[in-house]
Each structure stands twice: as C-alpha cells, then as structure tokens.
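Working notes, structure below.
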Amino acid sequence: MLTTMLLAGTMLLGCNPKEVLEPALDYPAFVVIDGDTIKTRNDNALKDKVSKNDRSGLLETTVVGDTILVFKLPKKLKPSKVSDLTKYKNSKIPELKGKQFKLVAAGGNLTQGMRDGGIFNEGMLTSYPTLIANQLGIDFQNTLFDPSEYNGIGRKVSSSFNPTAGPVPKQKEVINNLAIEDGRVKKYKYITKPDNYLINAINGLQKYEINMDRLSSYYQLHTQFTNNFGYGLLTNSKKFDFLLFENGLQDILVNGLKSNIPKYDLTELQKVKAGVKVEYNFDRLTVSGSEVYTTIFKLLVSQQLNRGIILNCPDLEDLPYFRKTYVAEIKKLADTYGLNLYDLLRDENLVLGSPSIDSLLSPRVNLSIKPWVSTRVNYNSEAGDNYIISGDTRKRINESIAIKNSNSRILSEYADMPICDINKLYKNILNGSVVTSDGIKVDATWPGGNFFSTDGVYPSAFGQAVIANEVIKIMNSFYMMDIELIPTAEYLRR
C-alpha cells in the first residue's frame, strides 16, 4: 500500500514511525437510516480488491491512510412557501395531466452528485437537482446505494497527516459500508425509474450502458440499466415537466482526457420541429458520439419536452486539481540534482499531484527511492503515466470545451432553453467575487475552501447549493417561477 511505502521512506531518514501515526478514530457501532439500524462495517478488504482506476475516481490521489465515516442524513430544508407548480406543468403532454410536477436531470458526475473523489449517498442527496427538488417540494429519485452501503466507492477526506512533507494534498480513503461486490461497484437496485440520469457521448442513446475508463467507470457500472435517458426518449417512454441538462465535463474527463467534440449545425437542427418524428440509426453512432446530444435535443423538441435549463461546461484549469501544476518545483529539484526530466520540465505541460510527484518533491523521502532520481532514468510521458497532461493535450481539451460551450448555445437557441453559465460562475468564484444570498463568500481555495470538495474537481455540498441557486434564479427569471433560494449556510462543512 502507498501508506507503507511512504512510511518506509520516512523511516529511512531515522524517524520513529510512532511519531507520524495519527490516533485511531472513535465511531459509533451503528447508525440509524430511515428508521433502520445499520451496522458500521469495515470493508477495507473489499476495497483492496477493486482495481486502481475504479477505486481512485480521479486520475491520481495521494492517499496516506484509511478512515471510517458514518452516514449523516443531509438536512432536507423546507422553504417558507412552496410554489404552486400546477401552472408550470407541461400542458402539451397529456400523460402528465393531474400528476405531480415531474423534474428530471441528465448530465455527468456534477449532476449525479459526485464529490470527494467518489460516489456515495450523501453526495447524491446533496446534488443540485436534488436541492432544487427540495425547494419545489417534490419527490426526486437518485440512484442511491443500499442504506447499508451508503459510502458507495471512492470517497475520501482531506488529511493533515503528511509523512513525506511533500506538496501534494493528502487524503484518507473511506473504508466502511462500501458498495463493492467481486471487486466491482454494485448496481443500484432501489428504483426502476430514476429522475437523475448519467449520460455521455458514448452511451447516450444505447439501450445498454457501455463501461468507461477512469473518472466515470465505477459510477457507470453503478448506474447500468436498460432504461436510460436517451433510449427512453427514443422509445417515447420519458415524460416530464422540466429538465435540467448538464452539457458538462462528462465527455472531457473520460478515456484518459481524450476528447473529440463535434461542432453542431443550427440549421440542421431546426429541420426537426415539434411533432416531427426523429429517426436514429444505431449503426452510425461512433465513439465520439457526434450524434448523441443533437439527437437528444431533436427528440426533446419533437416531443415538446424542451422546458428546462442547460448547464454548460467549466474550463478544466478552473478546477483546482488541474490548476495546480508542479513544473516549477520539479525544475528546481532537477537543477539541484542535475536531472534531465524532459517532459516534466516543459512549461506548457500540466504536472498533476500524484504519489510519484509527491515523493519526488518530498524533503523526507530518501534519494535512494525517489522516482527517476535513484535510477537516473529520464522521465518520458509516453510511458503511460496519467498525471501528465501534455501541452498538445491541454490545448486540445481547451478547444474541445470551447466547442462544447458553443454547442450549448446552439442547443439553447434551437430548443429555447436558457443556459446556466457554469463556466462564468466558476471564473467569478475563482476571482473571489461571488457571495451567496445569505452572505457567505464562496471560496475556491483547495484544499480548505468551501466550494470544491476533497477531490478538487467537483463541488462540495455547499458548492452544489451555490449552483442550485444559480439554476433557480434562471427558473424564476425565464419561466416566471417563484422558487425560494436555498440557505447555503446549511450545507457548509458537509
């Protein structure tokens, strides 16, 4: 385990291992969830059977230990008044008449509630669609794990324990009440018709989900079902009053950050209007998924289900995990030891935090075991390490996100669905200009701030509440609704 390696490096410097161990945590033997008594179960043995990519959730994390974290039911806030939603129902859909207002969400890991490097029940229950549904006073079904497996997989917490004294943020992995079976994440079993759908350009309209690599692989398995969002539209089986659609990072953070985002043609889209049948040839679907989102929006317009909001995509380097690069520190070390670390030293590269980089830059890890120093082997990014983003890849990702956001504007004009500009929101948060309606300054510092979660990519519960309020503001202004904003202070430190 990484912890063993780090401690070994520390002991080589003469430290007593007892000096770097943190005290054991006390935790309740049982928790009560929805009236059921759930035993706090140590699943460390199950976790160790999961492959590295499925377990980590993000590209690389520097884990320095394990921890127990028991379930805390997120507070379900009730607005002082609940809007009369009957006047906001989709009157064009006969099947919805007389039924409760139906809100659905479709998007990537942001929409699903991923945070802290994993997917787990508390995260899903504080996703921005769930928080909005709470404000509307309606039911909203997430793909929750079984209550006894509430920590799902991949969840981590920030740690001050730093045996290497290296610069990369340290984390501990949660090991209790996981949803793992035979080395893989379990599929959810609770509901047959969720309201929160995971989509991407690979599996968007297929009847059966296709497993993906790295960032989405374990949650992709969890949400594997035959009744997904795109296929449901294609078979005319999805009906709803309002849609939250995230056209976000789900197509960027897959397959090793490779991306191929096509440009959309508004004129072609406008050929399909309400009532026009949409044909879809599965044989034409390529891995790039060039037809998936345009087909989804053609189906939405054709079936008059295009009441909703589109959330666009933040820039990759506005996310702290990707914004923090270690090129300068590595250059200084290379000069000290006369190393030729080639790809690591290129200014245009992003060198992300990882155990190897942390050990390389650590003042405690002995030179005899420092990566590339002890062997004098020159680092080469083509060897397959996935914590280096080359300048060319970095440029391609930035171009792809720009195309994706341009596409969102085209989809918005075609479907007459307004955009919640997440890209601009993140930039405003980074420059320190965002204060919530209840007076809290939104802090993008990582680790330690309040907007981003432990992983430095996805928002915290508070961050999700901030996004939910931005969506609510647009619902109120564009659709003339009167939804109360969320008191975001209630979601700090969750």
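The lone criterion from (1) open to solvent by 60 Å² or more (accessible area, probe 1.4 Å); (2) more than 22 Å from the chain's Cα centre (by Cα) left unmet by Asp421 is number (2). When the stretch 161-175 is filtered for residues that are open to solvent by less than 20 Å² (accessible area, probe 1.4 Å) and charged (D, E, K, R), the ones remaining, listed by number, are Lys170, Glu173. It is to be established whether one or more residues within the stretch 455-473 are open to solvent by 30 Å² or more (accessible area, probe 1.4 Å) and out of contact with any Cys (no Cβ under 7 Å at 6 or more places or on another chain). Checking the stretch 455-473: at least one residue is open to solvent by 30 Å² or more (accessible area, probe 1.4 Å) and out of contact with any Cys (no Cβ under 7 Å at 6 or more places or on another chain).
Consider the stretch 462-487. How many of its residues are more than 21 Å from Glu246 (Cα to Cα) and without any contact (Cβ under 8 Å) to a residue 60 or more places away in the chain? Step through it out loud before you land on a result.
Let us first name the residues in the stretch 462-487 that are more than 21 Å from Glu246 (Cα to Cα), namely 480, 482, 484, 487.
Within this subset, residues satisfying the condition of being without any contact (Cβ under 8 Å) to a residue 60 or more places away in the chain are 480.
Matching residues across the stretch 462-487 total 1.
Scanning the stretch 443-485 for residues that are touching a helix residue (DSSP H, G or I) at 6+ places or on another chain (Cβ under 7 Å), charged (D, E, K, R) and within 17 Å of Pro320 (Cβ to Cβ) returns a single hit, Asp455. Name the residue, out of Ile440, Ile401, that is touching a helix residue (DSSP H, G or I) at 6+ places or on another chain (Cβ under 8 Å), under 29 Å from Arg155 (Cβ atoms) and surrounded by 22 or more Cβ atoms within 10 Å (Cβ to Cβ). That would be Ile401, the only listed residue that is touching a helix residue (DSSP H, G or I) at 6+ places or on another chain (Cβ under 8 Å), under 29 Å from Arg155 (Cβ atoms) and surrounded by 22 or more Cβ atoms within 10 Å (Cβ to Cβ). For the stretch 315-335, taking the residues that are open to solvent by 10 Å² or more (accessible area, probe 1.4 Å) and in a loop (DSSP other than H, G, I, E, B), the one that is nearest to Asn476 (Cα to Cα) is identified as Asp315.
Any chance the stretch 361-378 includes a residue that's among the hydroxyl-bearing types (Ser, Thr, Tyr), surrounded by 14 or more Cβ atoms within 10 Å (Cβ to Cβ) and either modelled with pLDDT of 80 or more or under 25 Å from Asn162 (Cα atoms) (or both)? Walk me through how you get there before you give the answer.
Initial filter on the stretch 361-378 (among the hydroxyl-bearing types (Ser, Thr, Tyr)): 362, 368, 374-375.
Now narrow it down to the ones that are surrounded by 14 or more Cβ atoms within 10 Å (Cβ to Cβ): 362.
Okay, now just the ones that are also either modelled with pLDDT of 80 or more or under 25 Å from Asn162 (Cα atoms) (or both), so 362.
For the stretch 361-378, residues among the hydroxyl-bearing types (Ser, Thr, Tyr), surrounded by 14 or more Cβ atoms within 10 Å (Cβ to Cβ) and either modelled with pLDDT of 80 or more or under 25 Å from Asn162 (Cα atoms) (or both): present.
Listed by position, the helices (runs of 4 or more DSSP H) contained in the stretch 14-116 that have at least 2 residues being within 26 Å of the chain's Cα centre (by Cα) and at pLDDT below 90 are 44-47, 52-56.
Scanning the stretch 70-89 for residues that are in contact with a Lys or Arg (Cβ under 9 Å, 6 or more places away or on another chain) and either open to solvent by less than 100 Å² (accessible area, probe 1.4 Å) or under 15 Å from Met480 (Cα atoms) (or both) yields Pro74, Tyr88, Lys89. Checked against the criteria, Lys395 counts as among the basic types (Lys, Arg) and at pLDDT below 95.
Restricting to the stretch 119-160, give me the number of residues that are part of a strand (DSSP E or B), of a type in the set (A, V, I, L, M) and open to solvent by 20 Å² or more (accessible area, probe 1.4 Å). Full working, then the answer.
Filtering the stretch 119-160 for residues part of a strand (DSSP E or B) gives 119, 153, 156-159.
So of that shortlist, the ones also of a type in the set (A, V, I, L, M) come out as 119, 153, 157.
Applying the additional criterion that residues be open to solvent by 20 Å² or more (accessible area, probe 1.4 Å) yields 157.
Residues meeting the conditions: 1.
The values are calculated or read from the model by the stated rules, or taken from the named source; none is laboratory data. Since we're looking at a predicted model, the values are computed, not measured. For neighbour counting, all protein chains shown are included, and Cβ atoms are generated from backbone atoms with ideal geometry for every residue, glycine included. Please note that ligands, DNA and RNA were not included when accessible areas were found on the heavy atoms of the full protein model with its side chains. Shrake-Rupley method; radii C 1.70, N 1.55, O 1.52, S 1.80 Å.
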